[in-house]
Every structure is written in structure tokens, then in C-alpha cells.
Amino acid sequence: MTSGFPTLWDSRSFGQALDAAFNALVAAWGETLEWFFMPVLRLLRLMEQGLQTLPWWVVLAGLAGLTFWASRNWGTTALVGVLTVALGLLGIWNEAMATIALMVVATLLSIAIGVPTGILMSRSDRLRTVAMPVLDIMQTMPIFVYLIPFVMLFGPGKIPALLATIVFAVPPAVRLTDLGIRQVDAEILEASRAFGASPRQQLFSVQLPLALPSVMAGVNQTTMMALSMVVIASMIGAGGLGYQVLQGIQRLEVSRGLMAGLGIVFLAVIFDRIAQALGRRMQTSLHQEG
Amino acid sequence: MGDPGIRVEGISKVFGKTPAKALELVRSGMGKAELLEKTGHALGLHDINLTIGAGEIFVIMGLSGSGKSTLIRHFNRLIEPTAGRILVDGEDILRLDEPGLRNFRRRKIAMVFQRFGLLPHRNVLDNVMYGLLIDGVTRRKAEERAREQLALVGLAGFETRFPAQLSGGMQQRVGLARALATDAGILLMDEAFSALDPLIRHDMQLQLKALQAKLQKTIIFITHDLDEALLLGDHIAILKDGTVRQAGTGAEILTRPADDYVARFVHDVNRARILTCGQITDRAIRVDTPGSVDARAPIETAFAAFAQGEQAIAVVNGNGQPIGAITWQRVMQALAGR
Ligand SMILES: Nc1ncnc2c1ncn2[C@@H]1O[C@H](COP(=O)(O)OP(=O)(O)OP(=O)(O)O)[C@@H](O)[C@H]1O
Ligand SMILES: [Mg+2]
């Protein structure tokens, strides 16, 4: 080392202290946390096994039905149906079902965490100032960095994969909920206050309905973020399509990687279409024109 | 319960980080511009005192930035004052706690907004029911009441439309119906008709007058349009830079402006249409020529008779009894603004 940057503080022993502290934390809290997340793990397993044991045509009908209900569009429904069948044709049905289960649970939890956090943030400028950089860090920090503590706490498996996915997928839901609420027309909110609406009534009668397009855009982004995590998450035992890609790399099998990769793309399209249609549907039911 | 009506006592409002300190500076003589430049605080209102009678239309008038919106938002505490008191029927509303304030807003005071402030995702009926539902009234009762109000403002049959499907005038009638639905005694209207076309606007003014004759609410009406103020207002307050320059009846303001600003403000108004014959009647004169004018009619109704060469025209009260006469000279004085 010749750069000559002065050693102003002892970064190495700071690192050691941090590691020691975290190890102590793992020792003290690891089991409690594992117990705490047990229900989530059960839900995930149940969903995965459910999707894998159902006959393929039930899953197909379910996805197509959901798409049609949300979009009222035969074209979109046909696209989702064809892509779902393609998952089976590629021979990756079971892996795809595992990935769907992980994604659905991760997305639902991200929404359950992200939307209320966004609501809180829209109500406090101070919280927003603190939270914004944290959200930036959550999204820009290389994902592998939080795999380390999660794996240490829970051991390799589905739970750390799920948590890492959530950390990555939550920010858009938070951000766009906050933004949507802050952009609500001030006069409409004022009208609601003038008629004596409590903060809760303001939230449910004005702020959330008017912020919904933005919230749904956030939810859609959250879904895509979650999907983009599946390969990395599979490195710590999430299984599914990502694991096939990983094996393709390890065994140098181009075909395996390619097929799983295509499967991920198909899932992305399926989820994107469904999420968009759901968003539009919620919007039109709020802004009916006739 | 104290005196009915509303009293505004020494209301001041400074916007900024330390409004109380900034207000001290204003009290020791610092002007609005200097305050903004030196401390970054905006003086919204300064020492406003008003008495608003129960059941009257009280118009607050002023140019853009004079503090009208700031003032009207004090009556339902959408804005909190830096100093002063507001008594509604003798009760200081600034003392109300959160639940008390909510109840006050739900039952005693309602508001109509310049850009309507309707909920775009709810239909007309649901919008009109809004205040009632907020107050926990059952849906059935709220709906019944909302339908009555819609009929009152001439919008029966539009219940299931959405705000975006209606013209501006119709949207504002929905806003008015929503405000009337809670049966509040006080109605706040912040430039309620300013966003409408002139013709529709005039319709709405007449409709409001007709409704008021029936409902007898206490209405605080904001406008920057003098003709509107004179047409609607039982009393008018003229606001400039956050202070009241003059408060009185339309005739008082026209005939005895308190200062140069008010005089210039009212300079261009069509006095012949605003001042009434009764206001310029000389009670000492009796004329016996045929023909007479009603004391409540605008001066311009007498023009035709003067054009025939009459020197003085009899003025009669509502019962047809003569109360005096108006002369050429009086008419000319009134039109000249003296
Ligand atoms: N939230 C605020 N923060 C700082 N200054 C404000 C705020 N609200 C109003 N003001 C200032 O107070 C003054 C009065 O504003 P207000 O909106 O009451 O005027 P107005 O008479 O309603 O004008 P307009 O006809 O344009 O609606 C203005 O100088 C304005 O800049
Ligand atoms: Mg205004």
C-alpha cells in the first residue's frame, strides 16, 4: 500500500467489534427470531406445496381467471395462459411454482410493511427526512451484503431469502405511497377537514383513494423487484427457478440456465400483466366515468 | 349561549417559524414588507375586528393576497390565529379541543370552496352525504337529506353522476348542497363563484340570495368582485394587506369611503344599480306629481321619469306610502360618489 492515506482510526478493530457484537446478537436472539418467523415459513411452504400438488390445469385456470377478472381483456388473458403453459413445456413447472410462492409471499409482506410505512411517512416531514436516505441505501446496497446477517441469523434457507427480498422490494411501495398521499389535491383534503373528518376518516375517504394510482404503481414495482431477486435468493436456499440458473452456472449447462431464465421472464410478464390490470381495475372502480 | 352571531376580536396571523415574536415586531410598527425581508415571516392578518350578525350575508372583499382566504379559514380553524379570539354565539371557538372542534365543524359550520373540493371518486349523492356520514348519520337518513338538498339546488336527477361529468356551475351547486346538508347555521364561502362563467355566476348569486331568504343562515362570503359583494352583502368588509380598511353596508362604503384606498376601490362601480332610491331620499320633500319609485329599487329605475323632465319623484315604501322624494341633485351627488 503506497497511497499513504493516513490511518485516522482503526477500521479493522471497529470491524472486529461489529462482527463480535453481531455474533453475540445471533447467539442471543437467533432462536427467538427463528421462532418469530416460523408462521411465515409455514405459510410459504404451504403455498409452495399447494401450487405444486394442484393439477397443472387448476393453476392455469386460476391464473387465467384472475387475469380476466382484473383486466376484462381476452388478449391479456390468452397471453398469461400461453406463458403459463410454456412453463410446463419447458419442464420447469415445479420450480416455477416454488418461485411463484416465494414471490407472492414476499410481495404481500412488502405491501403490508411498505404501504403503512408510506402512510406514516406522508404525515411527518421529519420521518420522511430520515427515511428517504435509508430507502436509498436499502435499494443501492448490493443485495449480497444483507444476505450475510440474514444467513447468520437464520441459516441458509427460505426465510433469509424472503427477508432479503423484502428489504429490496419494500422501498418502491413506501416511496410511492408517500408520494401519492402528498400529491392529493390540498383543497379536497381541506374540504374533508372542514366537514370535521378525523385523521383516520381523512385517510380512508380522501387520501388513500386519491393516492391509489400511485400506490398501485409502487406495488407493481415491488413485484418486479421481488422477481429480480429470485436468482440471488436461490443462492441461500430459496430453491425454485433461481436455483436452476445457479446450477446451470455451476455445471456449465447452458440449456438449464436458459430454460430457467426464460421461465423467470415469463413469470415477470405474467405478474406484470396481472398487477397492472389489478391497478387499473381498482382505479376505475374509484374514478368511474359512467 | 351569549350573543348570537360571530365576533372576531383582534385576530392576527403571522406565517413562519416564530410567529409570536414576529407579531411583536409588527405591533411595534414593522410593516408587512419589512417583516418578510428581515425575518422571513409573512404577515397574513393584523388585528382584525368584525361583528357578524346572525342570519346575514357578510362579505369579505379584497384583492389577491389581501388575506381573505386566511381570514375565512379562521372561522372553522383550518388556520389557527397567532393572536385574538373568535366568538361564535358567545363561545370562544379557539378553546375547543380536538373532539369539540370536530363536532363544531360537523354540525355548526360548513364550507364551500373555490375549486369545489368535491371527491372525484364519489358520485354526486355520496358527495352531498359526505358531511353527514363523517358525523355518523345512518346512510338511509343521510341519503334522504342529501336528496332534499340536491332538489333545493336544482340538481335532482343527477345523483349518480360523477363530479367530472358536470359543468362548473353544477359542481358548485353540489358543493353548496353538501354544505347545506349538515344543517350548519354558518356557511363559509371562499370565492365560491369565482371559477364560474359570468352568466352562470350571476345565476348562482341570485340562487344564493333566494336560498338565503328561505334558510336565513349566517353566511361569510369571500370575493374580489365588488359587484358581487354589493349584490350579496348585507355588510361588507374591505381587506387590504391583512387589515380591515372599512366595514359597513354597501351604501355606507359607496357613499362614505373610509380612506383613499376604499374610495379608489369603489370608484368604478355602477352606483345607479347598487344604491337604492331609499338611500338618497330627501324625507323633507313631498311631491304630488303622479308616478313614484319604490324605496328598495335601484336609482336607475328613476331615470326614465327624470328624462321626462320631472324635478323630483316621490319615493314610496313597501306598503305604497310616500316617505319623501328624490331630486335631480341628489341623484347626481350619489352618482358622483359624494
Ligand atoms: N401558508 C402560508 N405561508 C406563508 N404565507 C402565507 C400562507 N398562506 C398565506 N400566506 C400569505 O398571506 C397573505 C394572504 O394570503 P391569502 O391566501 O389569504 O390571500 P387572498 O386574499 O385569499 O388572495 P387570493 O385572492 O389570491 O386568494 C399572502 O401574502 C400570502 O402570501
Ligand atoms: Mg384566496
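Numbers for the structure displayed
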item: Among (1) surrounded by 18 or more Cβ atoms within 10 Å (Cβ to Cβ); (2) among the hydrophobic types (A, V, I, L, M, F, W, C); (3) within 16 Å of ligand 2 (Cβ to nearest atom); (4) over 29 Å from A:Val206 (Cα atoms), the one test that B:Leu63 misses; result: (1)
item: Scope segment B:1-31; condition among the small types (Gly, Ala, Ser) and closer than 12 Å to B:Thr82 by Cβ; matching residues; result: B:Gly10, B:Ser12, B:Gly16, B:Ala20, B:Ala22
item: Matching helices (runs of 4 or more DSSP H) fully within segment A:184-233 where at least 1 residues are surrounded by fewer than 19 Cβ atoms within 10 Å (Cβ to Cβ) and under 24 Å from the mean Cα position of the chain (by Cα); result: A:208-228
item: Residue, nearest to the chain's Cα centre (by Cα), within segment B:32-88, restricted to residues that are under 19 Å from B:Thr18 (Cβ atoms) and among the β-branched types (Val, Ile, Thr); result: B:Thr70
item: Residue within segment B:202-218 that is surrounded by 23 or more Cβ atoms within 10 Å (Cβ to Cβ) and either in contact with a Lys or Arg (Cβ under 6 Å, 6 or more places away or on another chain) or over 30 Å from B:Arg256 (Cα atoms) (or both) present; result: no
item: Which numbered condition B:Leu35 misses (of (1) touching a His at 6+ places or on another chain (Cβ under 6 Å); (2) within 10 Å of ligand 1 (Cβ to nearest atom)); result: (2)
item: Candidates B:Phe58, B:Phe75, B:Phe113, B:Phe104 - the one that is within 8 Å of chain A (Cβ to nearest Cβ) and either hydroxyl-bearing (Ser, Thr, Tyr) or open to solvent by less than 10 Å² (accessible area, probe 1.4 Å) (or both); result: B:Phe113
item: Filter pass, B:Gly53 being away from ligand 2 (no atom under 16 Å from the Cβ) and at positive phi; result: no
item: Subset of segment B:29-55 [open to solvent by 60 Å² or more (accessible area, probe 1.4 Å) and either among the hydroxyl-bearing types (Ser, Thr, Tyr) or within 30 Å of B:Asp89 (Cβ to Cβ) (or both)]; result: B:Asp47, B:Asn49, B:Thr51, B:Ala54
item: All helices (runs of 4 or more DSSP H) inside segment B:194-255 with 3 or more residues being in contact (Cβ under 8 Å) with a residue 12 or more places away in the chain and within 16 Å of ligand 1 (Cβ to nearest atom); result: B:226-232
item: Count of segment B:225-264 residues which are out of contact with any Leu (no Cβ under 8 Å at 6 or more places or on another chain), of a type in the set (Gly, Ala, Ser) and within 16 Å of ligand 2 (Cβ to nearest atom); result: 1
item: Those residues of segment B:248-277 which are under 15 Å from B:Ile323 (Cα atoms) and open to solvent by less than 20 Å² (accessible area, probe 1.4 Å), in sequence order; result: B:Cys277
item: Strands (runs of 3 or more DSSP E) contained in segment B:36-136 and holding at least 1 residues touching a residue at least 12 places away in the same chain (Cβ under 8 Å), aliphatic (A, V, I, L, M) and farther than 16 Å from A:Ala197 by Cα; result: B:42-52, B:57-62, B:83-88
item: Odd one out for A:Arg42, checked against (1) closer than 24 Å to A:Leu162 by Cα; (2) open to solvent by 60 Å² or more (accessible area, probe 1.4 Å); (3) modelled with pLDDT under 90; result: (3)
item: Qualifying residue in segment A:127-135 (condition: over 19 Å from the mean Cα position of the chain (by Cα) and within 14 Å of chain B (Cβ to nearest Cβ)); result: no
item: Qualifying positions in segment B:311-338 - buried (at least 18 other Cβ atoms within 10 Å of the Cβ) and at pLDDT below 85; result: B:Ala334
item: Some residue of segment B:137-159 being within 11 Å of chain A (Cβ to nearest Cβ) and open to solvent by 60 Å² or more (accessible area, probe 1.4 Å); result: no
item: Output for segment B:162-193, where each listed residue is under 15 Å from B:Val128 (Cα atoms), open to solvent by less than 20 Å² (accessible area, probe 1.4 Å) and in a helix (DSSP H, G or I); result: B:Pro163, B:Gln172, B:Val174, B:Gly175, B:Leu176, B:Ala177, B:Arg178, B:Ala179, B:Leu180, B:Ala181
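The values are calculated or read from the model by the stated rules, or taken from the named source; none is laboratory data. Keep in mind that what you see is a predicted model, and the values were worked out from it rather than measured. All Cβ positions, even for glycine, are placed from backbone atoms using ideal geometry, and neighbour counts span all protein chains on display. Heavy atoms of the whole protein, side chains included, go into the accessibility calculation; ligands, DNA and RNA do not. Shrake-Rupley method; radii C 1.70, N 1.55, O 1.52, S 1.80 Å.
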